[in-house]
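Each remark here refers to the structure printed beneath this line.
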Amino acid sequence: MDIGTIAEKLNLKLMSAPDRKSNNVTGGYTGDLLSDVMANSHEGDIWITRQIHQNIVAIATLKEHAGIILVNSCEPAKDALEKAIRENVPILITDLSAFEITGRIYNLLHSGT
Amino acid sequence: MNPAVNESENKLQTYTFEVEGGNFNAAGTVSTRIKSILKQMQMPDDVVRRSAIVCYEAEINIVSYAKRGTIHLTVSPDKVIIEADDEGQGIPDINLAMQQGYSTANQQIREMGFGAGMGLFNIKSYSDKFDILSEVEKGTFLRIIIERHIS
């Protein structure tokens with residue numbers, strides 16, 4: 001399932017990289033500890049986090065994540081958004097909590113609902 | 001053994017990157033460069049993945065705890081060597097620092113999601129060989145080897 005479809009189905013606000021809506025999401029990872037995300041997430045994951053600073057863009061680039069979802073309506077920091085635009089990394093915002101959005105994405109990826 | 005293989009085994013490619021202490025804005029750029037170099041060299045996915053993880057942790061440690069440092073990459077057909085050498089505060093008790101969850105990171109570093117006490121532990125877990133030398137108020141030197149496992 002691609003980023004654009006997930007954004008539409010779950011009412012996510014896309015903040016950067018609109019031409020990357022076709023990025024295929026093959027899994028997901030939820031976490032705010034950067035070493036944990038670095039070690040345990042995979043290429044193609046959508047990363048769900050509460051961190052908003054620009055290092056999330058570095059990690060998403062390095063791990064080749066499909067995109068980043070910020071939870072609880074958190075906006076990315078200005079420099080994080082600028083970096084995401086520059087490096088073409090999709091950042092999306094949800095008003096849901098990490099628990100809620102993770103569950104919904106899990107269902108979408110595993111049963112399409 | 002085929003002599004052509006021997007010859008290619010002796011080929012080493014080396015790269016050196018500077019890392020600025022305290023500059024969290026640039027943190028991760030060296031790791032991203034190293035990953036793309038290894039990909040271009042068509043190293044196997046697991047070697048690229050493990051190298052990226054250990055390099056990122058080494059880079060973040062320099063940014064978090066040192067004034068400056070260098071990361072030196074050596075690639076041969078059968079392994080990747082990553083050496084991180086910094087001028088910084090050093091580590092008083094390496095055994096303690098190696099324990100998962102132990103960290104001396106300040107509050108600011110922790111709030112960013114770093115300093116969870118996983119850095120050196122992850123480097124050890126994802127490498128095939130890991131050496132660390134440190135001197136308090138001088139700096140720390142890491143040598144990490146990631147082997148290409150021939151299947």
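Here, each number is a calculation from the coordinates, and none is a lab measurement. These figures come from a predicted structure and were not determined experimentally. When we count neighbours, we look across all protein chains shown, and the Cβ atoms used for this are built from the backbone with ideal geometry, even at glycine.
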**Prompt:** Counting only DSSP beta bridges with both residues in the protein assembly as shown, what percent are antiparallel, rounded to the nearest 5?
**Reply:** 75
**Size of charge dipole - the range B:3-147 - debye, nearest 20, with Cβ of Lys, Arg +1 and Asp, Glu -1, no other charges** = 300
**Estimated vicinal HN-Hα couplings, Hz - the range B:129-135 in sequence order (Karplus 6.51, -1.76, 1.60; Gly, Pro = x)** = 9, 9, 10, 9, 10, 8, 10
**Request:** Take every DSSP beta bridge with both residues inside chain A and express the antiparallel ones as a percent of the total, to the nearest 5.
**Result:** 20
**Asked** By its C-alpha gyration tensor, with a ≥ b ≥ c as the square roots of the eigenvalues, how is the protein assembly as shown shaped: rounded for a/c under 1.5, else prolate for a/b larger than b/c, else oblate?
**Response** oblate
**Request:** With a ≥ b ≥ c taken as the square roots of the eigenvalues of the C-alpha gyration tensor of the range B:102-151, please select rounded if a/c is under 1.5 and otherwise prolate if a/b is larger than b/c or oblate if it is not?
**Result:** oblate
**Prompt:** If you take the beta carbon distance between residue B:23 and residue A:24 as r and set R0 to 35 Å, what does 1/(1 + (r/R0)^6) give as a FRET efficiency, to the nearest 0.05?
**Reply:** 0.55
**Item:** Spin-label pair residue B:131/residue B:95, simplified geometry with 7 Å Cα→Cβ offset, distance in nm
**Value:** 2.1
**Prompt:** chain B: percent of C-alpha pairs farther apart than 23 Å?
**Reply:** 35
**Request:** Specify which residue in the list B:36, B:125, A:65 is farthest towards the positive end of the charge dipole of the protein assembly as shown, using unit charges on the beta carbon of Lys, Arg (+1) and Asp, Glu (-1), about the Cα centre.
**Result:** A:65
**Debye, to nearest 20: dipole size of chain A, +1 on Lys, Arg Cβ, -1 on Asp, Glu Cβ** = 140
**Request:** Determine which lysines satisfy two conditions relative to residue A:78: a Cα distance under 24 Å, and not lying fewer than 8 residues away in the same chain.
**Result:** A:13, A:21, A:63
**Message:** For q values of 0.10, 0.15, 0.22 Å⁻¹, compute log₁₀ I(q)/I(0) with the Debye formula on a Cα-only model of chain A, without solvent.
**Reply:** -0.22, -0.52, -1.25
**Request:** Pairs of lysines 8 or more apart, or on different chains, with alpha carbons under 29 Å: count those in chain B, would you?
**Result:** 20
**Rounded FRET efficiency, nearest 0.05, which uses the C-beta distance separating residue B:70 from residue A:43 and R0 of 25 Å** = 0.35
**Request:** Give me a single rounded figure for B:107-113: the average over its residues of other chain Cβ atoms within 10 Å of their Cβ.
**Result:** 4
